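Worksheet: one structure, shown below.
Any read-out appearing in this document is the output of simple, stated calculations on the displayed coordinates, not a laboratory observation. Keep in mind that this is a model prediction, so the values were computed, not measured. Using ideal geometry, Cβ is built from the backbone for each residue, glycine included, and neighbour counts are taken over all protein chains shown.
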There are 2 protein chains.
Amino acid sequence: MTTVHDLETPSILIDLDRMEANIARMQAHCDALGLKFRAHIKTHKIPAIARQQLEAGAVGIACQKVSEAEVFAAEGFHDIQLPYNILGERKTARLADLAIANKVTVSADSEIVIDGLQKAAADKDVTIRVMVDLETDIHRTGAAVERVVRLAQQIDAAANLHFAGLLVYPSNPTVRPDLQEALARLHEAGIGVDSVSGGGTGAALHAAEMPELTEIRVGTYVFNDWTTVKRGWAALGDCAMHVMATVVSRPTENRAILDSGSKTLSSEFDDGYGHIVEYPDARIYKLNEEHGYVDLSACAHKPDVGEIVHVVPVHTCVVTNLHNQIYGVRGDEIEVVWPVAARGLVW
Amino acid sequence: MTTVHDLETPSILIDLDRMEANIARMQAHCDALGLKFRAHIKTHKIPAIARQQLEAGAVGIACQKVSEAEVFAAEGFHDIQLPYNILGERKTARLADLAIANKVTVSADSEIVIDGLQKAAADKDVTIRVMVDLETDIHRTGAAVERVVRLAQQIDAAANLHFAGLLVYPSNPTVRPDLQEALARLHEAGIGVDSVSGGGTGAALHAAEMPELTEIRVGTYVFNDWTTVKRGWAALGDCAMHVMATVVSRPTENRAILDSGSKTLSSEFDDGYGHIVEYPDARIYKLNEEHGYVDLSACAHKPDVGEIVHVVPVHTCVVTNLHNQIYGVRGDEIEVVWPVAARGLVW
């Protein structure tokens, strides 16, 4: 039996009991609302975990990149949504290839993106499903509500595209007035709306306030992290991912240095670079690539050099992307070693 | 002939003319000072580039992790320095294995680290060279000056360790008084000092003010980045790394979204998440994993959806670590595709 004591540090541990509970809880929540659940694989990038999400009831997966979709399609996932503007001839051609044997849905927020999708789909004689991305209050991508009907009509008129509805991220209740207006305008224009796709771990908890949604895609909930805890979306005991780290230096009474820096934890910050389970009053205040700087001044007990600690990272998705494999554990036993199959795929 | 126009975005381009000029310039600078130059591979993680640095005159390499050292040793690099506290039985055993056929030098700042190194070196009947890490004003690892003699004596007394001198990071002139005091104390104690190793791209430029240094290990200079430019250590025209990105959305007059987010550029921030060469007045003000948010309000001309731009990243080393391969280019031609051999190695 291999145990966590056989691992080098830093290593990324996934508490399987917690992960399984997270999967079941979110699925039950969506089932109770009559909302289709779609697993966003960005958090784990591992087909075996997505399979567990589908077995629990997820209708399909969401990916951010065509390359991620290719990995998952090869592993037998056939309902794949890409909530992203896919642009460029090589990318749209690869997307069209995927659409030969899979149900492929993308989003678009401009005419040029829709034109490119139609051209690629026509070249391969396939149909690509396209949702219109509606702007939300994070002001990222997304068309303003006034442009939605025009884009939907363009998709409808394109021989190889199917208008698949509206997509928002995050689907917080603040976007509801715009969403209602967009749906009313589409109704008025006589355009049918297959589905309304929301997204976000926090937004999922407020989905009851968004009855227009037919589906929601969520990623982070599967592991949770310090950000979901700080925002009240999960308890510390729901955090399935821990970074097992070693204290490599104690240069002063109140400073410890961990062997886990930005190459392990990422540089994402939320009042610290992670939460140390064994030393909840410690604060990871700075990272270099291979060093985590810890302030121990608030700690009654302080770790020794060589001691192993467990860090709940700030943002679990970017941590997964830094590592070649992660370890599924139950207690101290390593039950599974997962290669992070879709790690580092940016195309 | 393959050109950059055949690449998907995001892709990491290395301007070979600039990289070769950076290598030659730093080596000439160190040669002029009579200072040994050691190439820190953290920036590129690619043996072929380290080979160019050695051909230019570097005496050896520096790595941060045993796993990186293993990759480079297998590629024929035999003088390897690890400026890090290597702790834990499996890690020190691997380090001792490396010392069988290579000149291996590590640093240490505590008794427990030195004890672990001696035990592992004795088990394998090898000699490991150990430098004492002296604290500097970045307050990371490093022993206070009062502890240096004691640690050096411990190393000297260990049958399988060789005291190899002092190590500081960064070797800015501010550390000189402590360094001089440490050297005086060692001299007084009758302990010979083989070498004094400094480090840092910025510190290298001030090496003339640090005549105690015998060697300096530098990484970032090989590519440079927005941080080295902002600190005045390099010109924009010395930046060899560019992230080739596509504008995937222009939701408003003053906002563009790039297909390059924190999974491509990392989350490191220095008054922005990178500098867009074609739009120097644009500002990358926010990143999600796959989205770069750009403020165009200061730009006279603004990019269209689908346009390709080139970003000088904030911190080149962490960008390399996110990508599976990078492209060496001369003009538009791709001269070489380098797998990032030591990417993601955290052990």
Q. Rounded to the nearest 20 Debye, what is the dipole magnitude of the stretch A:7-101 about its Cα centre when Lys and Arg each give +1 and Asp and Glu each give -1 at the C-beta?
A. 340 debye
Q: Identify, among B:VAL132, B:THR92, B:LEU54, the residue whose Cα sits farthest towards the positive end of the charge dipole of the stretch B:19-153, taking +1 on the Cβ of Lys and Arg and -1 on the Cβ of Asp and Glu, with the dipole about the Cα centre.
A: B:LEU54
**Q.** Nearest 10 degrees, 0 to 90: helix B:16-33 Cα axis against chain B principal axis
**A.** 30 degrees
Q. Just how many % of Cα pairs in the protein assembly as shown lie over 50 Å apart, if you round to the nearest whole percent?
A. 16 percent
Q) Highest GNM mean-square fluctuation, chain B, Cα pairs closer than 10 Å: which of B:THR264, B:THR105, B:THR252? A) B:THR252
Q.
Taking 41 Å as R0, compute the FRET efficiency from the Cβ-Cβ separation of A:ALA21 and B:ASP270 and round it to 0.05.
A. 0.50
Q. Where the centre of each part is set by its Cα atoms, how far does the stretch B:272-308 sit from the stretch B:119-146, in angstrom?
A. 44 Å
**Q.** Simple spin-label estimate for B:GLU253 and B:VAL277 in nanometres, 7 Å along Cα-Cβ
**A.** 3.0 nm
Q | Gaussian network model of chain B, Cα within-10 Å springs - most flexible of B:ALA235, B:ALA108, B:ALA152 | A | B:ALA235
Q: Can you pull the one-decimal nm distance between simple spin-label points at B:HIS5 and B:ALA235, each 7 Å off the Cα toward Cβ?
A: 2.9 nm
**Q.** Cα lying deepest toward the dipole's positive end in the protein assembly as shown, options A:GLN118, B:ALA204, B:TYR221, charges on Cβ
**A.** A:GLN118
Q. Fewest first, what order do B:ASP259, B:ASP79 take by the number of other Cβ atoms within 10 Å?
A. B:ASP79, B:ASP259
Q. When the gyration tensor of the stretch B:1-115 is built from Cα positions, what are the square roots of 5 times its three eigenvalues, in whole Å, from largest to smallest?
A. 30, 19, 12
Q | Cα centre as origin, Lys/Arg/Asp/Glu Cβ charges: the protein assembly as shown dipole, Debye | A | 180 debye
Q. Between the helical axis of A:176-188 and the dominant principal axis of chain A, each derived from Cα atoms, what acute angle in degrees is found, rounded to the nearest 10?
A. 20 degrees
Q | Equivalent-ellipsoid semi-axes of the stretch A:17-222, from the Cα gyration tensor, Å, largest first | A | 26, 22, 13
Q) Hey, what number do you get for chain B at 222 nm if only DSSP H runs of n ≥ 4 count, each worth -39500 (n - 2.57), divided across all residues, to the nearest 500? A) -9000 deg cm²/dmol
Q. How much net charge surrounds A:ALA158 when only other residues with a Cβ under 12 Å from its Cβ are counted (Lys, Arg +1; Asp, Glu -1)?
A. -1
(Q) Out of all DSSP beta bridges in chain B, what portion is antiparallel? Express it as a percent rounded to 5. (A) 45 percent
Q) Can you give the charge dipole size of the stretch A:17-222 about its Cα centre, rounded to the nearest 20 debye, using +1 on the beta carbon of Lys and Arg and -1 on the beta carbon of Asp and Glu? A) 440 debye
Q) For chain A, what's the relative contact order in percent, using C-alpha pairs closer than 8 Å and at least 6 residues apart? A) 20 percent
Q. Cα atoms only, the stretch A:259-312: Rg and Dmax in Å?
A. 10.4, 29
Q. Expressed in nm to one decimal, what extension gain is obtained for the pair B:ASP194 and B:ASP304 from 0.36 nm per residue of sequence separation less their Cα-Cα distance?
A. 33.7 nm
Q: Provide A:TYR273, B:TYR285 in ascending order of the number of other Cβ atoms located within 10 Å of each residue's Cβ, fewest first.
A: B:TYR285, A:TYR273
Q | Footprinting exposure proxy for B:ILE138, B:ILE14 (fewest neighbouring C-beta atoms within 10 Å first) | A | B:ILE138, B:ILE14
**Q.** Where Cα atoms sit under 24 Å apart: lysine pairs in the stretch B:17-223 separated by 8 or more or lying on different chains
**A.** 18
Q: Among B:ALA74, B:GLY232, B:THR141, flag the residue with its Cα farthest along the positive direction of the charge dipole of the protein assembly as shown, charges on Cβ as +1 for Lys/Arg and -1 for Asp/Glu.
A: B:ALA74
Q.
Given a Förster distance of 41 Å, report the FRET efficiency between B:ARG330 and B:ASP79 from their Cβ-Cβ distance, rounded to the nearest 0.05.
A. 0.85
Q) Rounded to the nearest whole Å³, what is the per residue volume of the convex hull around the Cα atoms of the stretch A:245-347? A) 104 Å³
Q | Paramagnetic reach from B:ASP295 in the stretch B:244-282 [backbone N under 17 Å; point 7 Å along Cα→Cβ] | A | B:251-258, B:269-276, B:279-282
(Q) Rounded to two decimal places and with Rh computed the Kirkwood way over Cα pairs, what is Rg over Rh for the stretch A:89-131? (A) 0.91
**Q.** Tilt relative to chain B, helix B:89-101 - C-alpha long axis, 0 to 90 degrees, to 10
**A.** 80 degrees
Q. Rg to Rh for chain B: what is it, with Cα atoms only and Rh by Kirkwood?
A. 1.02
